[in-house]
Amino acid sequence: MKSVEEDKNQRLVIKLGLVIVGMFGFGFLMVPIYDVFCEVTGLNGKTGNLKASEAKGLTVDYDRWVTVEFVAATNQGLAWDFEPTVVRMKVHPGEVNSASYTVSNRTSYRIVGQAIPSVMPGLASKYFKKTECFCFTEQVMNAGETREMPLRFVIEPGLPDSVNTVSLGYTFFDVTNTANAQARKDNQGG
């Protein structure tokens, strides 16, 4: 016959097992939940890419203005200064526009960074297309280096009339360890 203590232990083991299964299930569901969250909020808004030749073929709506706001941030612990050279500009839908961001590595060592974009409102991300962007590749910044990074974009004329302002934000993340690990893997032939 089981003692009361053994019965309590068995129930605790079952509860802990259920918690582990629940945590695994939650982790498994995080990717689709995150995708829905990003679509609703516009965080990590996946702007589209467009070839420059296709962008030049769009019809420009000279009767409409859309304000584009540029935002910059670095992930905690990344010792870079990062800011847009222009905070706000007015553009015509269908028109190819240029902007840039400035980044400076304040450290005494090389850092590899990756910019992740987000567009608000989320609906606008479907119409915000980039032909050139520093976010397409990792950025290697040497100690003390400062660089201006270009951005070329177009807002497609189909942007709903209710959207008059679009915010384009970038957050830079330090991916040095990931980049170094990938380089080691590539050098080993695997």
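The values are calculated or read from the model by the stated rules, or taken from the named source; none is laboratory data. Quick caveat, the model's predicted, so the values are computed rather than measured. FYI the Cβ positions are ideal-geometry reconstructions off the backbone, even for glycines, and counts take in every protein chain you see.
Could we say that D7 is modelled with pLDDT of 70 or more and charged (D, E, K, R) here? Criteria met by D7. Which residue is surrounded by the most Cβ atoms within 10 Å (Cβ to Cβ), if the candidates are limited to segment 99-123 and must be more than 20 Å from T85 (Cα to Cα) and at pLDDT 90 or above? Only one residue fits best here, namely I111.
When segment 136-159 is filtered for residues that are out of contact with any Gly (no Cβ under 9 Å at 6 or more places or on another chain), surrounded by 11 or more Cβ atoms within 10 Å (Cβ to Cβ) and part of a loop (DSSP other than H, G, I, E, B), the ones remaining, listed by number, are N142, A143, G144, E145, G158, L159. Among the strands (runs of 3 or more DSSP E) confined to segment 67-128, the ones with at least 2 residues that are among the hydroxyl-bearing types (S, T, Y) and touching a residue at least 24 places away in the same chain (Cβ under 8 Å) are located at 96-105.
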